[in-house]
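The values are calculated or read from the model by the stated rules, or taken from the named source; none is laboratory data. Keep in mind the model is a prediction, meaning the values are calculated, not measured. Glycine also receives a Cβ, built like all others from the backbone with ideal geometry; neighbour counts cover every protein chain displayed. SASA here: full protein model, heavy atoms, side chains in, ligands and nucleic acids out. Shrake-Rupley method; radii C 1.70, N 1.55, O 1.52, S 1.80 Å.
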Amino acid sequence: MTAESALWSGPPAPSDIHGRWHSLGQSRALIRTADVLVVLIAASLPWSTTAPSIFVGLWLLAVTPTIDWRDYARELTWPAFALPFALLLLALVGTLWSEGSWPDRLHAIKPVAKLVLIPPLLHHFSRSDRGCWVGLAFLVSCALLAVFSWIVLLDPAWKITATASSGVPVKNYIDQSQEFTLCAFALVLPALTFWRDGRSVAATFCLALILLFVTNMVFVAAARTALLCMAVLLVLFAWKHLSRRATLVLLAGTIVASAVAWTASPYLRQRIADIAVEYRHGHEDISRASTAQRLTYWRKALHAVVEAPLIGHGTGAIKRQFERAATGENSLAAEIVSNPHNQTLNVAMQWGLLGVVLLYVMWIAQLRLFLGEGLAAWIGLVVVVQNIASSLLNSHLFDFHEGWMYVLGVGVAGGIVLKARARG
C-alpha cells in the first residue's frame, strides 16, 4: 500500500456529507452572518439600490445552508409562504402568451421574483432572535435620512445625487415619503404602550421621532400617496388599539394638527392644490400632468383588461398595450409607459383575473399573519396595509424600493410572529 492510498480512503459516505451539511446549517456564525446581512439590507435601503441588491445576494448564500429543508417544505403548504411562488410561476408561464418583446417579458419577471424571498425570510426569522435588529436598523437609517433631508433643503449642495425635488438627498420624494410613513406608524404603538406604562421619557422619544418624520412630509417633501396611506393607517390604529373615547380624542387631535399644518405649510397647500391644476392642464402640459396621467393610464389599462379578462396579455405586455392605445391627439394621449400606476391594473393587464385573484389572496394571507397582538404584528400589519393602500395609486408591490420594504417587513415581522406563536 502506498502512502497516497493510505491517506485517501475513498469518497466520504453520504451520511458524512449529511452530517457536515447539518453541522454547517447549525453554525451560529453562519446564522449570525445571515442576520447581519438582512440588517445591512434594511439600513442601506433608504439610501441606495445597488447596496441592498448586493447584500440580498450575499444573504442568499449565507442563509441557504441554515434552512431546515424538511420544515421549510412543510411551511410551503401555508398560503403566506406558497402564494409568492404561485405569482412567480404565473409570471414565468405568462411569457408564453405575452404580446410584448422578449426583453420586456424577462424584465417584467424581476419585480415578481423578489416576492419569493418572503418565505425564506419568514423561515429564518421564525428561528432567529435578531429580527428586532432589522427594524431598528431601518428606523435609525430613516431618522438619519430625515435629518439630512432638512440639511439638504437648506443647502442643496449637500445632495448625494441629483434628485428632482428639494429636500430629497437620494432617490425620490415618493420613496422617502413611504419610508417615513412606515417609520412613523411603526412607532405609534410603542409610544402608546410606554405612555400607558408610565414611561414618559421613552414615550416622548418615540413621539419626537414621529414628529421628525411627519414634519418632514408636511414642510419638506411629501408624496400625496403617502398622505392617503397616513389617513388609512390612522383609522387602522384607532380600530386596532384605541377605545371609542380615545378614538374621538385622536380624531380631534388629527383635525387640529391638520389645520395647523395647512396654515403653516405653503408647500403642503401647494401639493394639494396641484391636484386640480394637474387634472385641468395635464393634457396641455405633460410636465404637470400627474393626476391627468393616472386617469389616462387607468382608462387605457381598463380597455386592455376588457380585451383579455381571464389570463391577460402576458408577462411584460403592458408597454405593447400602451403602444397600441397611443394616439397623436396630444403628448399625454401619445405617451407610452410600462406601468399603469395601479397594482391591480398592472397585474390584470398581464395575467387577467387569474393574476388579480392570486394577488389579493396573497395580500389576505399575509394580512392574516398579523392579526394578533404585539409590536411585530402591528408593524407587519402596517407594512401590508400601507402597500395595499399605496397600490391604489401606484404599482408599489412591483417597484424596487416599496417592493423591498414589503418583502423585508412581511418576512422579518412575520418570522417574529411565527416564532412567538410557536413558543405560545
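Data for the structure
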quantity: Members of segment 366-382 that are in contact with a Gly (Cβ under 9 Å, 6 or more places away or on another chain) and open to solvent by 10 Å² or more (accessible area, probe 1.4 Å); calculated: L367, L369, L375, A376, I379
quantity: Residues located in segment 287-326, provided they are touching a Pro at 6+ places or on another chain (Cβ under 6 Å) and of a type in the set (F, W, Y); calculated: Y297
quantity: Elements of type helices (runs of 4 or more DSSP H) contained in segment 324-424, each with 2 or more residues being out of contact with any helix residue (DSSP H, G or I) (no Cβ under 8 Å at 6 or more places or on another chain); calculated: 343-368, 400-423
quantity: Condition met for S48 (out of contact with any Asp or Glu (no Cβ under 9 Å at 6 or more places or on another chain), among the polar types (S, T, N, Q) and touching a residue at least 60 places away in the same chain (Cβ under 8 Å)); calculated: yes
quantity: Which numbered condition V170 misses (of (1) at pLDDT below 95; (2) open to solvent by less than 60 Å² (accessible area, probe 1.4 Å); (3) not in a loop (DSSP other than H, G, I, E, B)); calculated: (3)
quantity: Residue count for segment 386-424, restricted to those that are open to solvent by less than 30 Å² (accessible area, probe 1.4 Å) and under 17 Å from A223 (Cα atoms); calculated: 13
quantity: Residue in segment 328-344 that is open to solvent by less than 10 Å² (accessible area, probe 1.4 Å) and at pLDDT 95 or above present; calculated: yes
quantity: Pair list, Cβ under 6 Å, 6 or more apart: segment 354-379 residue in contact (Cβ under 8 Å) with a residue 60 or more places away in the chain and over 14 Å from G411 (Cα atoms), other residue open to solvent by 30 Å² or more (accessible area, probe 1.4 Å) and assigned to a helix (DSSP H, G or I); calculated: L358/A86
quantity: Qualifying residues in segment 88-105 (those that are open to solvent by less than 30 Å² (accessible area, probe 1.4 Å) and part of a loop (DSSP other than H, G, I, E, B)) - the one farthest from K319 (Cα to Cα); calculated: T95
quantity: Segment 58-83 residues that are open to solvent by 40 Å² or more (accessible area, probe 1.4 Å), paired with ones that are part of a helix (DSSP H, G or I) (beta carbon under 6 Å, 6 or more apart); calculated: L58/L37; L76/A82; P79/A365
quantity: Per-region count, segment 218-259, residues open to solvent by 50 Å² or more (accessible area, probe 1.4 Å), over 17 Å from C183 (Cα atoms) and either touching a residue at least 40 places away in the same chain (Cβ under 8 Å) or outside any helix (DSSP H, G or I) (or both); calculated: 2
quantity: Segment 185-203, residues that are part of a loop (DSSP other than H, G, I, E, B) and either surrounded by 15 or more Cβ atoms within 10 Å (Cβ to Cβ) or of a type outside the set (G, A, S) (or both); calculated: D197, R199
quantity: The lone exception for L182 - which of (1) at pLDDT 95 or above; (2) not in a helix (DSSP H, G or I) it fails; calculated: (2)
quantity: Any hit, segment 38-50, residues being modelled with pLDDT under 95, of a type in the set (G, A, S) and assigned to a helix (DSSP H, G or I); calculated: no
quantity: Odd one out for T49, checked against (1) more than 15 Å from L122 (Cβ to Cβ); (2) open to solvent by less than 60 Å² (accessible area, probe 1.4 Å); calculated: (2)
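A quick yes/no check of all residues on (1) surrounded by 15 or more Cβ atoms within 10 Å (Cβ to Cβ); (2) among the aliphatic types (A, V, I, L, M):
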residue	(1), (2)
H107	yes, no
V112	yes, yes
V116	yes, yes
L121	yes, yes
S126	yes, no
D129	no, no
L136	no, yes
L139	yes, yes
V147	no, yes
